[in-house]
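Step one of this worksheet: look at the structure below.
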Amino acid sequence: MGIENTPVSSIPKIVAASRASFLTHRTQSLEFRKEQLRALLRMISENQDDLSGAIKSDLGRPKDFEVLGCAKTCEFFINNLEALSENKKAHGLKDGDECYVRYSPLGTVLIMGTWNFPISLVLQPLAGAIAAGNVCIVKPSEVAEASANVLTRLLTKYMDPNVVTVINGAVEETTVLLQQRFDHIFYTGSTDVGRIVMAAAAKNLTPVTLELGGKCPAIITENTNLVDAAQKIAVWKSSNCGQICLTVDYVLCPKHLQEKLIQTVIATWKHSFGADPKASNAYPKIINKRQFDRLEKLLEAVKKQNTVVHGGRTDATRLFIEPTIVTGVSLSDEIMKGEIFGPILPIVPCENIDQAINIINQQEHPLGLYLFSSDKEHSERLLKETRSGAVVVNDIAVHYGNPSLPFGGVGNSGMGSYHGKYSIETFSHARAVFIRPQAHL
Ligand code: NAD
């Protein structure tokens with residue numbers, strides 16, 4: 001199929017035109033922003049099949065839990081824009097002073113998406129940037145070709161071209177794009193490319209939001225409903241073939257609970273995909289050969305260092321990696337060195353909350369940290385003694401769908417956050433306004 005890359009020579013002109021467009025001040029009006037959000041919502045509603053079809057083509061994901069979320073986000077901003085954007089009153093220093101914080105749009109924002117949720121990781125930040133009154137340049141991931149193509153066609157058709165422009169390409173185009181001056185860069189993708197983005201942004205002192213990689217642990221304790229925990233872990237490890245930044249990367253579990261955990265995970269996978277996931281239409285695929293090769297190499301290392309208790313089969317012709325469970329894992333093993341981003345579940349022996357905290361603190365800060373426990377002291381200790389983008393107790397990744405909470409990482413899992421009012425804060429400058437009554441002559 002292929003993507004039509006934006007000619008490199010045209011990129012500086014496109015960015016200059018966006019910057020000039022911001023200076024027309026049209027996006028300052030809340031009504032104008034709402035019009036654009038309504039256009040985005042219309043685009044999503046009228047083209048659900050095309051958008052879902054592109055995701056299916058890129059990732060083999062049958063159920064669409066991505067597109068509807070984007071529509072909900074547009075609705076949220078349309079319904080709450082006045083309240084989210086209103087000035088925040090502040091104290092004056094003398095009688096008569098009028099002081100407030102005004103949320104001003106930043107200007108021209110670059111939004112760079114990634115391939116694992118190729119539609120929502122472009123449209124979710126885009127909705128927030130539009131709501132905050134910015135002009136946006138969008139760069140979908142070239143890895144998810146069908147999604148990049150449909151986004152380009154639809155955004156060009158539905159959105160005001162002076163407000164949203166799409167640029168397509170791979171490293172060459174992105175490198176030139178990052179040399180341009182933006183007022184903010186919002187990047188979702190790997191930690192390594194996050195460093196490249198931040199270094200490029202530093203040349204122009206452009207602020208960045210970086211939504212980066214995961215390696216999120218799930219902690220199983222004695223005081224938990226083990227079946228519920230195992231079912232949730234199984235679902236998240238196999239959804240999108242484990243290619244989810246917020247999925248459980250590895251499980252910390254006491255030895256005597258491991259067998260029940262393993263059997264329940266296997267039973268849940270069988271329930272979802274039958275006895276042979278390779279024959280199941282419900283089981284997605286690895287995005288491309290590059291990611292497949294990476295995971296296959298990881299599996300080879302796992303087979304040498306650990307015990308594969310379930311799964312382990314691969315098929316390059318179908319980009320198929322079987323949902324796999326691995327035991328006998330220690331922190332120095334290959335599987336624990338980086339984010340897995342695939343359907344392989346390592347179970348690390350961990351007897352209590354002290355050990356869990358110790359293991360977590362030996363790794364980079366995760367994007368999500370999942371605790372399965374009914375003991376309040378466990379969650380209090382995790383909150384106090386570890387760091388992560390989020391903590392979720394007795395579930396996995398559910399905070400992503402709650403617009404009342406900020407979504408983002410810390411340390412190697414990212415910087416900054418978005419969703420709901422946090423998107424408005426991210427894509428605005430909190431401008432101090434201090435109006436003093438004029439002195440009498
Ligand atoms: P990717 O290859 O699609 O890259 C992401 C973006 O970076 C794309 O727009 C791509 O064009 C650009 N890019 C790639 N290489 C570049 C380079 N050398 N120079 C400049 N730009 C470049 O995706 P990926 O990096 O494989 O992303 C997967 C990662 O994304 C995983 O680590 C995952 O955890 C993370 N992720 C994070 C979140 C989050 O919200 N925190 C969400 C989804 C995925």
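Each reported figure results from applying straightforward, stated rules to the coordinates on display, with no laboratory input. As the structure is a prediction and not an experimental result, all values here were calculated from the model. Cβ atoms come from the backbone with ideal geometry, glycine included; neighbour counts cover every protein chain shown.
Which of the three applies to the range 89-174, rounded, prolate or oblate, going by the alpha-carbon gyration tensor with a ≥ b ≥ c and a/c under 1.5 meaning rounded? Judged from the Cα gyration tensor, the range 89-174 comes out prolate (a/c at least 1.5, a/b above b/c).
For the charge dipole of the range 203-330, defined by +1 on Lys and Arg C-beta atoms and -1 on Asp and Glu C-beta atoms about the Cα centroid, which residue among Phe273, Ser238, Pro207 has the Cα displaced farthest towards the positive pole? Of the candidates, Pro207 comes out farthest on the positive side. Between the amide H of Val138 and those of Ile111, Thr165, Val166, Ile167, distances stay under 5 Å, these residues lying 5 or more places away or on another chain, with hydrogens modeled in the peptide plane.
Net charge in the neighbourhood of Val8 (other residues with Cβ under 10 Å of its Cβ; Lys, Arg +1, Asp, Glu -1) is -2. Taking one quarter of the surface of the convex hull spanned by the alpha-carbon atoms of the range 1-148 gives a direction-averaged projected area of 11.0 nm².
Report, for the chain, the % of DSSP beta bridges that are antiparallel, rounded to 5. So the antiparallel bridges amount to about 35 percent of the total.
Using θ = phi - 60° in the Karplus curve 6.51 cos²θ - 1.76 cosθ + 1.60, the 3J(HN,Hα) couplings for the range 94-105 round to 9, 4, x, 5, 10, 10, 7, 9, 10, 7, 9, x Hz; x is entered for Gly and Pro.
Put simply, the amide H of Ala390, placed in the peptide plane, has neighbours under 5 Å in Gly368, Leu369, leaving out anything fewer than 5 places away on its chain. Looking at the range 296-397 alone, DSSP beta bridges between its own residues are antiparallel in about 40 percent of cases. Once you keep just the Cα pairs under 8 angstrom separated by 6 or more residues, what percentage relative contact order results for the range 98-246? Reported relative contact order: 21 percent. On a per residue basis, the convex hull of the C-alpha atoms belonging to the range 224-263 measures out at 69 Å³.
Every helix of 4 or more DSSP H residues in the chain counts as -39500 (n - 2.57), and over all residues that averages to -13000 deg cm²/dmol at 222 nm. Residues in the range 7-20 carry Karplus couplings, in order, of x, 4, 5, 8, 4, x, 5, 4, 5, 4, 5, 5, 5, 5 Hz; the curve used is 6.51 cos²θ - 1.76 cosθ + 1.60 with θ = phi - 60°, and Gly or Pro positions show x.
Need one word for the range 1-70: rounded, prolate or oblate. Basis is the Cα gyration tensor (sqrt eigenvalues a ≥ b ≥ c); a/c below 1.5 gives rounded, then a/b vs b/c decides. The shape class here is oblate.
For every other residue with a beta carbon closer than 12 angstrom to the beta carbon of Lys215, add +1 if it is Lys or Arg and -1 if Asp or Glu, then tell me the sum.
Within the 12 Å Cβ shell, the charges total -2.
Only one residue of Ile353, Leu383, Gly414 has its Cα farthest out toward the positive end of the dipole of the range 324-434, where Lys and Arg carry +1 and Asp and Glu -1 on Cβ, and that residue is Gly414.
A run of the chain free of exposed loop cleavage sites, with trypsin sites (Lys or Arg not before Pro) counted only in DSSP states other than H, G, I, E and B and at most 14 other beta carbons within 10 Å, reaches its longest extent at 95-312. Charge tally for Phe182 (other residues, Cβ to Cβ under 14 Å; Lys, Arg +1; Asp, Glu -1): +3. Taking a ≥ b ≥ c as the square roots of the Cα gyration tensor eigenvalues, the range 286-351 comes out prolate, since a/c reaches at least 1.5 and a/b is larger than b/c.
Taking amide H as placed 1.01 Å from N in the peptide plane, the amide H of His429 sits under 5 Å from that of Ser104, Leu106, each at least 5 places away or on another chain. Considering only Cα atoms, the convex hull volume of the chain works out to 160 Å³ per residue.
Rounded to the nearest 20 debye, the dipole size of the range 1-57 about its Cα centre is 300 debye, using +1 on the Cβ of Lys and Arg and -1 on the Cβ of Asp and Glu.
Dimensions of the range 308-441 along the principal axes, based on C-alpha atoms and rounded to the nearest Å, stand at 85, 44, 26, largest first. Centroid-to-centroid, using Cα positions, the range 329-348 and the range 69-139 are 37 Å apart. Derived scalar couplings between HN and Hα for the range 24-29 equal 7, 6, 5, 6, 5, 6 Hz in order, rounded to whole Hz, by the Karplus curve 6.51 cos²θ - 1.76 cosθ + 1.60 (θ = phi - 60°), x for Gly and Pro.
Once the Cα atoms of helix 191-203 and of the chain are each reduced to a long axis, what angle between those two axes, in degrees from 0 to 90 to the nearest 10, is obtained? The two axes meet at around 20 degrees.
Cross-linked pairs Lys13/Lys289; Lys255/Lys303; Lys13/Lys89; Lys255/Lys304; Lys255/Lys289; Lys232/Lys255: Cα-Cα separations exceed 28 Å for Lys13/Lys289; Lys13/Lys89; Lys255/Lys289.
Under a point-charge model restricted to the Cβ atoms of Lys and Arg (+1) and Asp and Glu (-1), what is the dipole moment magnitude of the range 177-321 relative to its Cα centre, in debye to the nearest 20?
Dipole about the Cα centre, nearest 20: 380 debye.
Taking every pair of alpha-carbon atoms in the range 333-385, give the share separated by more than 19 Å as a whole percent. Cα-Cα pairs in the range 333-385 separated by more than 19 Å: 31 percent. Computed from point charges on the beta carbon alone (+1 for Lys and Arg, -1 for Asp and Glu), the dipole magnitude for the chain about its Cα centre is near 600 Debye.
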